[in-house]
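Worksheet: the structure to be examined is printed underneath.
The values are calculated or read from the model by the stated rules, or taken from the named source; none is laboratory data. In this text the structure is predicted, and so the values were computed from the model without any measurement. Reconstructed Cβ throughout: ideal geometry from the backbone, glycine too, with neighbour counts over all protein chains shown. Just the protein is used for accessible areas: all its heavy atoms, side chains included, with ligands, DNA and RNA removed. Shrake-Rupley method; radii C 1.70, N 1.55, O 1.52, S 1.80 Å.
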Amino acid sequence: MRSFFRQFLPSQNQPQEITYKELDSKLIKAARYDLDASHLYIRFHDGREVVYCRVTPYAYNAFLNADSFSDHFHSFISQRYLNYQVM
């Protein structure tokens, strides 16, 4: 059985293009999820990009389905996962 999340990823034979999902949020500009590494990449409107490590696919799905991306980010992601800023 093919994973639900893998159906949205390009096949291994094609070059992978990094795409971000644009979000309607005052704080967060866009996000993307790397299933293989379990990393959540978040781009903020101020230009920063931060990587959150060991984020489960379920946590990413909950983030995308939240009523408020900013509130969910502050409550469930920002302080729970190891993170670092991308240079």
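For the range 31-65: of the residues being touching a residue at least 12 places away in the same chain (Cβ under 8 Å) and hydroxyl-bearing (Ser, Thr, Tyr), which is farthest from residue 81 (Cα to Cα)? Among residues in the range 31-65 that are touching a residue at least 12 places away in the same chain (Cβ under 8 Å) and hydroxyl-bearing (Ser, Thr, Tyr), the one farthest from residue 81 (Cα to Cα) is 33.
Could you please find all residues in the range 65-87 being surrounded by 12 or more Cβ atoms within 10 Å (Cβ to Cβ) and either of a type in the set (Val, Ile, Thr) or in contact with a strand residue (DSSP E or B) (Cβ under 7 Å, 6 or more places away or on another chain) (or both)? Within the range 65-87, 69, 70, 73, 77, 81, 83 meet the criteria. Would a scan of the range 4-11 turn up a residue that is at pLDDT 95 or above, open to solvent by less than 100 Å² (accessible area, probe 1.4 Å) and aromatic (Phe, Trp, Tyr)? No; the residues of the range 4-11 include none that is at pLDDT 95 or above, open to solvent by less than 100 Å² (accessible area, probe 1.4 Å) and aromatic (Phe, Trp, Tyr). Would you confirm whether any residue within the range 17-30 is among the acidic types (Asp, Glu), modelled with pLDDT of 95 or more and in a strand (DSSP E or B)? Taking every residue of the range 17-30 in turn, at least one turns out to be among the acidic types (Asp, Glu), modelled with pLDDT of 95 or more and in a strand (DSSP E or B). Of 33, 60, 52, all but one fail to be surrounded by 10 or more Cβ atoms within 10 Å (Cβ to Cβ), out of contact with any helix residue (DSSP H, G or I) (no Cβ under 8 Å at 6 or more places or on another chain), among the hydroxyl-bearing types (Ser, Thr, Tyr) and modelled with pLDDT of 95 or more; the exception is 60. Within the option set 50, 55, being within 22 Å of residue 24 (Cβ to Cβ), under 12 Å from the mean Cα position of the chain (by Cα) and in a strand (DSSP E or B) holds for one residue only, 50. The single residue among 21, 26 that is without any contact (Cβ under 8 Å) to a residue 60 or more places away in the chain, within 11 Å of the chain's Cα centre (by Cα) and open to solvent by 40 Å² or more (accessible area, probe 1.4 Å) turns out to be 21.
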